[in-house]
Amino acid sequence: MSEFFLVNGGKKLKGEIEISSAKNALLPIISASLMTSGDVLLKNCPRLTDLENLLEIIRELGGIAEFRGSDIFINAKDVSPKLVSKELTQKIRASIFILGPLLARFKEASIYMPGGCNIGTRGIDLHIVGLKKLGVSIKQEGETIKCKRSGLQGTKIYLSLPSVGATENLMMAAALANGTTTIINAAREPEIIDLANFIKSLGGKVLGAGTGTIYIHGVKELGTAEYRPISDRIITGTYLAACAIAGGEITLKNINSEYLSAMIKVLLQTNCEVLTYSDLSRESRVNLIAHDRDAGYFHEKHYKNYIKIRSPRNLRPISFIETKPYPGFPTDVQPQFGAMLAFAKGASVIKETLFENRFAYADELIKFGANLSYKGQEMIINGKKMLNPAKVAAKDLRGGAALTIAALGIDGESIIEDVHHIDRGYYKIENDLKALGAEIKRVRA
Ligand code: UD1
């Protein structure tokens, strides 16, 4: 059954909500749980469809994997490396993450080519090359990838580009290998550090996560863990952009400001005020860090937990934003910030360097009256203060979120169709936005 959002925009945002654990941290962490026969409990998890699908994959493999309240419980003792059904595998790209852990534990594993969302071709060659270097023999038969190994041997793996998923898959495969594996030109995303911390909490040995070189010292077996993954920096960025668009003042709790640097820098340049602070300084707000907007400077050391944004709803354009691997500007908030810049009077330019098809939301923004054009990897936005309400459709996860927050800034009723794309990465986004003062409801078509 298809569902859509009905948004009555033009209301300023106000309020405070807590951000849950990050989808992109949870997907590899849930997969890593396949490497142990011990219990794993993951805290503060949103019921996202991408996560539900991965849990179902683990159940199909023979494990216990389920939500218990807002926690996820996994026990993979009875897992065997059978071929998961094609339909389920192709629902999520993250199904590729089961390959590393299964090969860490078993002598063979096969999967159908994974699925994903509509943002680009998204190869898996780096995953395959790395696994081969660890000693896995791999062949593709039709749509199936068949893997076999005798032992996994620690080795040096150079990634030709710092792929997040390949770094994670190889960290997992190496966790139970003989000897030390070194991943060179590894991705440095916060979610990589989180996966390393999770593997360590299971008793594994990982060094250097968060830098370009990661060392994984294989251990004989892994144990149990209770773990709270990092909070979702992409959801945080989405709500910050929502407030920038709609105007007002909101506070987001359970954040790590260090991971938001690139986004905060842009928000400051658009004329928003951004403050980050910790529980300690909350009582004495005089201690809040004042950000120097013009210099785009902010001081974040020791101040975690909360972020507050105040938007005058009079946004300035940004001459150039380019998406880059972390610590650069994240591709996963490019659409949301693109939507924001449609409301910033003047010319902004966005260059998308990671995915080839991440401007699908732009054609929908045009239906709101946005003045923009894109060619290849570059989009030029001639922002205006007000757009008009319209009926638009989500084409992918983050693009759908971008359209939803755009509608918050537009006086009158807008419709966002195909919200199932958004549900992949936001648990009932309408509830969060309502808690922040938006008028939005989910309607069954
Ligand atoms: C992860 C995130 C995704 C984010 C992306 C970039 C998860 C579950 N997803 O995706 O939300 O947008 O990082 O920050 O964490 N590539 C290859 N060959 C490979 C692997 C990647 O060519 O074997 C290419 C991809 O097509 C893409 C680029 O490398 O153009 C980056 O991909 P990668 O860093 O692997 O992203 P994902 O792990 O898929």
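Within region 36-47, track down each residue that is in contact with a Gly (Cβ under 8 Å, 6 or more places away or on another chain) and open to solvent by less than 10 Å² (accessible area, probe 1.4 Å). Walk me through how you get there before you give the answer.
First, the residues of region 36-47 that are in contact with a Gly (Cβ under 8 Å, 6 or more places away or on another chain): 36, 38.
If the condition is that a residue be in contact with a Gly (Cβ under 8 Å, 6 or more places away or on another chain) and open to solvent by less than 10 Å² (accessible area, probe 1.4 Å), then T36 is the only one that fits.
Residues are listed down the side, and each one gets a yes or a no for (1) closer than 18 Å to I381 by Cα; (2) part of a loop (DSSP other than H, G, I, E, B); (3) at pLDDT 95 or above; (4) aliphatic (A, V, I, L, M):
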{"position": "I289", "(1), (2), (3), (4)": "no, yes, no, yes"}
{"position": "N314", "(1), (2), (3), (4)": "yes, yes, no, no"}
{"position": "S319", "(1), (2), (3), (4)": "yes, yes, yes, no"}
{"position": "P327", "(1), (2), (3), (4)": "no, yes, yes, no"}
{"position": "P335", "(1), (2), (3), (4)": "yes, no, yes, no"}
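Keeping to region 329-352, report how many residues are under 20 Å from Y259 (Cα atoms) and open to solvent by 20 Å² or more (accessible area, probe 1.4 Å).
1
Applying the selection to region 199-210, what residues are within 16 Å of the ligand (Cβ to nearest atom) and surrounded by fewer than 24 Cβ atoms within 10 Å (Cβ to Cβ)?
Once the filter is applied, which keeps residues that are within 16 Å of the ligand (Cβ to nearest atom) and surrounded by fewer than 24 Cβ atoms within 10 Å (Cβ to Cβ), region 199-210 yields only G210.
Please specify each residue of region 186-200 satisfying the condition of being hydrophobic (A, V, I, L, M, F, W, C) and either in a helix (DSSP H, G or I) or closer than 15 Å to V136 by Cβ (or both).
I192, I193, L195, A196, F198, I199
When region 125-158 is examined, which residues are found to be more than 23 Å from V219 (Cβ to Cβ), within 11 Å of the ligand (Cβ to nearest atom) and either in contact with a strand residue (DSSP E or B) (Cβ under 8 Å, 6 or more places away or on another chain) or open to solvent by 70 Å² or more (accessible area, probe 1.4 Å) (or both)?
D125, I128, V129
On the basis of being within 16 Å of the ligand (Cβ to nearest atom) and closer than 30 Å to T251 by Cβ, does R310 make the cut?
no
Would you say C117 is at pLDDT below 95, touching a Leu at 6+ places or on another chain (Cβ under 7 Å) and either surrounded by fewer than 17 Cβ atoms within 10 Å (Cβ to Cβ) or not polar (S, T, N, Q) (or both)? Reasoning before the result, please.
Values: at pLDDT below 95: yes; touching a Leu at 6+ places or on another chain (Cβ under 7 Å): yes; either surrounded by fewer than 17 Cβ atoms within 10 Å (Cβ to Cβ) or not polar (S, T, N, Q) (or both): yes.
Yes; evaluated as a whole, the condition is true for this residue.
Counting just the residues of region 10-26 that are of a type outside the set (S, T, Y) and open to solvent by less than 10 Å² (accessible area, probe 1.4 Å), which one comes out farthest from the ligand (Cβ to nearest atom)?
The selected residue is L13.
Restricting attention to region 49-67, which residues are within 11 Å of the ligand (Cβ to nearest atom) and among the aliphatic types (A, V, I, L, M)?
Within region 49-67, the first condition is being within 11 Å of the ligand (Cβ to nearest atom), and the residues that meet it are 50-51, 54.
Hits for region 49-67 are L51, L54.
Check R442 against each of (1) closer than 27 Å to E249 by Cα; (2) surrounded by fewer than 24 Cβ atoms within 10 Å (Cβ to Cβ); (3) out of contact with any Asp or Glu (no Cβ under 7 Å at 6 or more places or on another chain); (4) touching a residue at least 60 places away in the same chain (Cβ under 8 Å) and name the one condition it does not meet.
Of everything listed in (1) closer than 27 Å to E249 by Cα; (2) surrounded by fewer than 24 Cβ atoms within 10 Å (Cβ to Cβ); (3) out of contact with any Asp or Glu (no Cβ under 7 Å at 6 or more places or on another chain); (4) touching a residue at least 60 places away in the same chain (Cβ under 8 Å), R442 misses just condition (3).
The values are calculated or read from the model by the stated rules, or taken from the named source; none is laboratory data. Model, not experiment: these values are computed from the prediction. Please note: Cβ atoms are built from the backbone with ideal geometry, for glycine as well, and neighbour counts cover all protein chains shown. Note: accessible area is taken over every heavy atom of the protein model, side chains too, but ligands, DNA and RNA are not part of it. Shrake-Rupley method; radii C 1.70, N 1.55, O 1.52, S 1.80 Å.
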